[in-house]
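Heads up: the structure comes next, in structure tokens.
Computed from the coordinates by the stated procedures, all read-outs in this text should not be read as laboratory data. Please read these numbers as outputs of a predicted model, since none were measured by experiment. Cβ placement follows ideal geometry from the backbone for every residue including glycine, while neighbour counts extend to all protein chains displayed.
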2 protein chains.
Amino acid sequence: MPTALLVHAHSESDSFVTAMRDRIAQTLAGQGYAITHSDLYAMNFNPVLSPADFGQRSTPDHLVYALEQRHNFESGTLAADIVTEIEKIRAADLIVLTFPLFWFSVPAILKGWFDRVFISGTFYGGKTIYGRGGMAGKKACAAFSLGGREDMFGERGIHGPLVHGMMRHLFQGTLGYIGADVIEPFVAHNVPYQPLEVRSRCLDELAEYFSDLDNHPRIPIPDLDKFGPRFEPL
Amino acid sequence: MPTALLVHAHSESDSFVTAMRDRIAQTLAGQGYAITHSDLYAMNFNPVLSPADFGQRSTPDHLVYALEQRHNFESGTLAADIVTEIEKIRAADLIVLTFPLFWFSVPAILKGWFDRVFISGTFYGGKTIYGRGGMAGKKACAAFSLGGREDMFGERGIHGPLVHGMMRHLFQGTLGYIGADVIEPFVAHNVPYQPLEVRSRCLDELAEYFSDLDNHPRIPIPDLDKFGPRFEPL
């Protein structure tokens, strides 16, 4: 039975984004997925990476975050809340992020989940990035809401392309970087200005999208075979 | 006397990023700037936007973050730590961000500073974005460190363009969006792998960069005069 980890970043149980998360859970369960959750607001997840995450220090005099992530995970001294999240990811075949778009990115509570949980060594390293990252073999997808209309994006839109432009940092630079097979996200535009029936139709489209996940396009990720040992273009 | 607000996101007082912040402060003070600080780790800044930020609710039954930001700022019931930061920005002519690059973005503690402090109404609104945003007339710049080498970026680099690609969300989508005149950032590549003398030279280059800030290129921001009242291209 495949497992889907739903990582959710909204404080309100009656929000549209939470309704999206619930509909995704229902849809994936209907597809035979076991569902696990990281509901970051409900967990009161701490998003601030700090020395407090490390029970031991390999270099006590000078902190290097990435070095201590590797060292503390290996020695079993990494903060327990981080280890729990790492284990959830390891047990999942699919990770789904649900969030409202803040500043063309994820809310801080989810950004800090990346900062603290996607640790060096386990998820990425010098040459183990993109197709060779720690999430290789797993899928990732996102569903998010925003205020802007669809016509504000794209090559002629005022903001330029959204998923492949403004949000490249997330889809290529984060989920793709750690090796996931990144499925194009489901984008709910203009949500705050829509009446209930439009929102309801949007949730139906979401359910349809997640019932057919494998058939959607993928985010293009750099092909490591086209780069040399120092990532020089071949 | 112009004022520069230095917004800093590193936990360690002996880090390279903190040395960058200190050198920028020294350099700008030498240029006649009064310096103010938001040292986010030292302040134990809360980066998580939540209903607790709002002392009053214009819609008690259903939370809309942006609506409550406007309402609570106007009614004097917005969380005090947010108001303090807004006042610091209002008093500043230049804002400088210093941070280590995490996931082609800022650390969560700084992302949450954007989420909570750049409030709707004061910094942006439906049509008051980009050149008409709340920071119009103020300058913004950033200095950040990363592990990657410079040759990993650009059109032929494995990751693609950095400042104008992966980080468009920050420079155009956040600082530019709220109206700042955004100066090209100072980028310190490959920092964890450099010996002290190289880091020291990098700090000298940083000082030179910040001693001549007005003469550096700007981040291109969409020109609102080229779009109609619904942001349709003219």
Item to check | Separation of the A:Asp223 and B:Val83 label points, Cα + 7 Å toward Cβ, nm | outcome: 5.8 nm
Next on the checklist: What whole-number distance in Å separates the alpha-carbon centres of the stretch A:98-146 and the stretch B:141-191?
Outcome noted: 19 Å
Checklist outcome for this item: Among B:Leu146, B:Ile89, B:Thr3, the residue whose Cα sits farthest towards the positive end of the charge dipole of the stretch B:3-226, when +1 is placed on the Cβ of each Lys and Arg and -1 on the Cβ of each Asp and Glu, is B:Ile89
Item to check | Inter-copy spacing of A:Ile35 label points, which lie 7 Å from Cα along Cα→Cβ, given in nm from shortest upward | outcome: 5.2
Next on the checklist: Using the basic label-point model (7 angstrom from Cα toward the beta carbon), what is the A:Met43 to A:Ser200 distance in nanometres?
Outcome noted: 3.4 nm
Checklist entry - Put a point 7 Å out from Cα along the line to Cβ at B:Asp151; what are the distances to that point in the other copies, in nm, shortest first? => result 4.8
Item to check | Electrostatic dipole magnitude of the protein assembly as shown [Cβ: Lys, Arg +1; Asp, Glu -1; Cα centre; debye, to 20] | outcome: 280 debye
Checklist entry - Of A:Ser11, A:Ser50, A:Ser145, which is the most mobile in a GNM of chain A whose springs link Cα atoms less than 10 angstrom apart? => result A:Ser50
Checklist entry - Where in the stretch A:191-207 does the label zone of A:Arg149 land, with the point 7 angstrom along Cα→C-beta and an amide N cut-off under 17 Å? => result A:191-195, A:198-199
Checklist entry - B:Lys226: which lysines have alpha carbons under 23 Å from its alpha carbon, excluding same-chain residues fewer than 8 sequence positions away? => result B:Lys127, B:Lys138, B:Lys139
Checklist entry - What residue among A:Thr122, A:Thr77, A:Thr59 shows peak mean-square fluctuation when chain A is described by a Gaussian network model with Cα springs under 10 Å? => result A:Thr59
Checklist outcome for this item: Among beta bridges assigned by DSSP with both residues in the protein assembly as shown, the antiparallel ones amount in percent, to the nearest 5, to 15 percent
Checklist entry - For B:Val191, A:Val7, what's the fewest-to-most ordering of other Cβ within 10 Å of each Cβ? => result B:Val191, A:Val7
Checklist entry - At B:His164 and B:Leu234, where each label point lies 7 Å from the Cα along Cα→Cβ, what is the point-to-point distance in nanometres? => result 2.5 nm
Checklist entry - Please state the relative contact order of the stretch B:3-226 as a whole percent: Cα pairs under 8 Å, 6+ residues apart? => result 22 percent
Checklist entry - Hey, got the average number of other protein chain Cβ atoms within 10 angstrom for residues in B:108-118? => result 6
Checklist outcome for this item: Each residue of B:97-105 has, on average, a number of other protein chain C-beta atoms within 10 Å of its C-beta equal to 5
Checklist entry - Out of residues 5 or more away from B:Phe186 or on other chains, whose amide H comes under 5 Å of its own, with H placed 1.01 Å from N in the peptide plane? => result B:Ala142, B:Ala143, B:Phe144
Item to check | Residues whose placed amide H lies under 5 Å from that of B:Ala180, excluding near-sequence neighbours | outcome: B:Met135
Checklist outcome for this item: So, in nm and shortest first, the distances from B:Ser13 to its counterparts in the other copies, with label points 7 Å along Cα→Cβ, work out as 4.5
Checklist entry - If you count the DSSP beta bridges with both ends in chain A, what percent of them are antiparallel, to the nearest 5? => result 15 percent
Checklist entry - What's the exposure ranking of A:Glu184, A:Glu85, going from fewest to most Cβ atoms within 10 Å? => result A:Glu184, A:Glu85
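Inside 10 Å of the C-beta atoms of A:73-82, what's the mean count of C-beta atoms belonging to other chains?
Details: counts 0, 0, 0, 0, 0, 0, 0, 0, 0, 0.
Other-chain Cβ atoms within 10 Å of each residue's Cβ, averaged: 0.
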Checklist outcome for this item: Most fluctuating of B:His62, B:His71, B:His164 in the GNM of chain B (C-alpha, under 10 Å) is B:His62
Checklist entry - Quick one: putting +1 on the C-beta of Lys and Arg, -1 on the C-beta of Asp and Glu, what dipole do you get for the stretch A:3-226 around its Cα centre, in Debye to the nearest 20? => result 440 debye
Item to check | Sites B:Ser75 and B:Lys127, calculated FRET efficiency, Cβ-Cβ separation with R0 30 Å, nearest 0.05 | outcome: 0.80
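Rounded, prolate or oblate for the protein assembly as shown? Axes are the square roots of the Cα gyration tensor eigenvalues, ordered a ≥ b ≥ c, and the cut-off for rounded is a/c under 1.5. Before the final figure, lay out the partial values.
Working: a/c = 1.42, a/b = 1.11, b/c = 1.29.
Because its axes are fairly even, with a/c under 1.5, the protein assembly as shown counts as rounded.
Kindly put A:Thr98, B:Thr18, B:Thr84 in sequence by how many other C-beta atoms sit within 10 Å of each C-beta, fewest to most.
Working: A:Thr98 28, B:Thr18 18, B:Thr84 12.
Lowest count first: B:Thr84, B:Thr18, A:Thr98.
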